[in-house]
Amino acid sequence: MSEPALRLAGIEKRYGATVAVAGIDLEVREGEFVTLLGPSGCGKTTTLGLIAGFFPPTRGEIYLKGRPVANLPPFRRDIGVVFQDYALFPHMTAGENVAFGLKMRDLKKAEIEQRVREALDLVQLAGLAERRPLELSGGQRQRVALARALVIRPAVLLLDEPLSNLDLKLREEMRVEIAGLQRRLGITTVFVTHDQGEALVMSDRIAVMNAGRIEQIGRPAEIYEQPATRFVAEFIGRMNFFMRDGKILAIRPERARLATEKPKTGFAARGTVRQVLYLGATLEYHLALDNGERALVEAQNDGNADGNVPRFAAGSVVWFTAPAESCFGMPAR
Amino acid sequence: MTAWGGLRAVVAFVYLFMLGPILITAAVSFNESNRSQFPPRGFSLQWWQRALAPEWVDPLVFSFKLASLTALFSTLLALPLAFALARYRFKGREAVMALTLGPLMLPALVTGVGLLQLFQYVGWRDYIGFTALLVGHVVICLPFAVRTVAISLHTLPPHVELAAASLGASRWRTLRHVVFPLIKSGIVAGAVFAFVHSFTDVNLSLFLVRPGEQPITIKILGFLEYGFAPTLAAVSVITLILPLILVAIVEKVSGLGDFIYGERKRV
């Protein structure tokens, strides 16, 4: 098998007694889109900084196409970075921003001009090359930052929460656009986010991080369908947890149903509806089970209160049910 | 009176006291007789003629040279100092900070007396005059330069240096192509502050002059002992206008106003 485009081997980063990254092993294949997903403080941005070379790891090695780079400064690493705040150079035009990396590589003027034009075309900013960052909208700045990182044709592209400063609609557009661009160019990408939606939509694989470690890594469906730990199950989507025989039983709220009678198979627990939330496309039933546990059912709003999803009113006694294949156990920690 | 009317009155009042004395001085310099009366009687340029004699032009040129070199050295010293103070947490940082910014709190008079004694005790009596003045002015002007450069370093957009590094710029090229252009107006502002502060200083200069090596402010002070003459009014106007012209030129060239009035453009 050929060398992975990027490999982290036992990477650690400590600041005094504080452990920011507590030993990470990760392989990213050529052309793959891998997301580091986790809450703030989980070490994902630090990991990105280590890959970019903004600070050295306390321990471990980083390989770029097989070449150890942990001791190289960032400007010798051949890595493109898009920052959360874009970090555009305010005293340069969009075109000059994009040209910067090529100038630092001392390319010929004609080639620089040509590649800058192509890069701006790629992010649909042709014609805005003369604008300064101040004269661009948030979305346009984001595109300039992307073009600036891509134009140097880096071995790896790093994206540090690049969508979090955009408004909702633009963010959803850019998700699709960035993921599309990445696949078209086949550029190896590491994406950092705390937004599970972005991670699920954009990634080939997701590495869920917690307290400086990778808790689980896998395809989006694997992470969602078979979370390995309680942390992963809670962080991605929502989850009902029940203690049964010393183990944790986990059931996704959208796989659970409410029933008036106890079903013959699968999981069932009796309880009372405490609250019904109307969310438009879905309805949420918050239950208190008879054993004191809480449970959540997310039901499609099919417009028919008397259909297969009865709209139980608050106070009614119901059965929380789920087919056996939607229940999975995980060790209680 | 409306609130706006009240504000206008206050502004007018402030301007009256800021600009009034200047206008009166300027008017007095055109008096026909050797009397400092206002409003002026008659019109004559004779006092301006006298003000442009070597007796006055020499100290003016002296002040100009002193202020220019003070601005230059303060800025050159301020750059590394501001970088160190703004960027690094090192041992003795507090001490360096106190030493750098201290003269801002200390009366320049005290600094002047101290420097005079220092130069005498270590046997540098011969350097009293231009050299001692230059040292003293750099000491009292350094805080202005360090502060403006440090502020402009602090207001640098975050991550631009990392972005430059990731795009292949070495530390030196990052400084040259990214950091320096972005803090340029801060550096220039610091230099201008230093120039103006040096050009207008009396307190410190008082102790470090020697015959033939004195700035215009000291010369004016000395002349005042013999009373006020329209010549002095003319000299004062020149002394006042020189730094203003400088500030105006720099403002035009490098957009100093953004820095002085705090309207920094940010991304």
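The values are calculated or read from the model by the stated rules, or taken from the named source; none is laboratory data. As the structure is a computational prediction, the values presented were derived from the model and not from experiment. Ideal geometry is used to build each Cβ from the backbone, glycine not excepted, and the neighbour counts take in all protein chains shown.
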Requested in this report: Please indicate, with yes or no, whether at least one residue in region A:160-169 is of a type in the set (D, E, K, R), in contact with a strand residue (DSSP E or B) (Cβ under 8 Å, 6 or more places away or on another chain) and within 14 Å of another protein chain (Cβ to nearest Cβ).
Outcome: yes
**Report entry** Matching entry among B:99, B:81 (being assigned by TED's automatic domain parsing to the domain that holds residue B:227 and modelled with pLDDT of 85 or more)
**Finding:** B:81
Query raised in the report: When you look at residue B:163, is it small (Gly, Ala, Ser) and touching a helix residue (DSSP H, G or I) at 6+ places or on another chain (Cβ under 7 Å), yes or no?
Result: no
Requested in this report: Taking residue A:29 as meeting all but one of (1) under 30 Å from residue B:183 (Cβ atoms); (2) of a type outside the set (Asp, Glu); (3) more than 13 Å from chain B (Cβ to nearest Cβ), write down the number of the exception.
Outcome: (1)
Query raised in the report: Quick check, is residue B:124 within 14 Å of chain A (Cβ to nearest Cβ) and either crowded, with 23+ Cβ neighbours inside 10 Å or out of contact with any Phe, Trp or Tyr (no Cβ under 9 Å at 6 or more places or on another chain) (or both)?
Result: no
Query raised in the report: Tell me, which residue of region A:90-122 that is within 26 Å of residue A:193 (Cβ to Cβ) and more than 13 Å from chain B (Cβ to nearest Cβ) is surrounded by the fewest Cβ atoms within 10 Å (Cβ to Cβ)?
Result: A:122
Report summary line: For region A:1-29, the count of residues that are in contact (Cβ under 8 Å) with a residue 12 or more places away in the chain, loosely packed, with under 15 Cβ neighbours inside 10 Å, assigned to a loop (DSSP other than H, G, I, E, B) and not hydroxyl-bearing (Ser, Thr, Tyr) equals 1
Query raised in the report: Being assigned by TED's automatic domain parsing to the domain that holds residue B:83 and modelled with pLDDT of 85 or more, is that true of even one residue in region B:225-232?
Result: yes
Report summary line: Going through region A:274-294 in order, the residues found to be surrounded by 13 or more Cβ atoms within 10 Å (Cβ to Cβ) and not in a strand (DSSP E or B) are A:293
Query raised in the report: Does any residue in region A:39-66 that is β-branched (Val, Ile, Thr) come within less than 7 Å, Cβ to Cβ, of a residue that is part of a loop (DSSP other than H, G, I, E, B) six or more places away or on a different chain, and which pairs are these?
Result: A:62/A:69; A:62/A:70
Report task. Could you run through region A:139-186 and say how many residues are outside any helix (DSSP H, G or I) and among the hydrophobic types (A, V, I, L, M, F, W, C)? Result -> 9
Query raised in the report: Would you pick out the residues in region A:1-28 that are within 21 Å of residue B:166 (Cα to Cα) and basic (Lys, Arg)?
Result: A:7, A:13
Report summary line: Those residues of region A:54-89 which are within 11 Å of chain B (Cβ to nearest Cβ), surrounded by fewer than 24 Cβ atoms within 10 Å (Cβ to Cβ) and within 19 Å of residue A:27 (Cα to Cα) amount to A:77, A:78
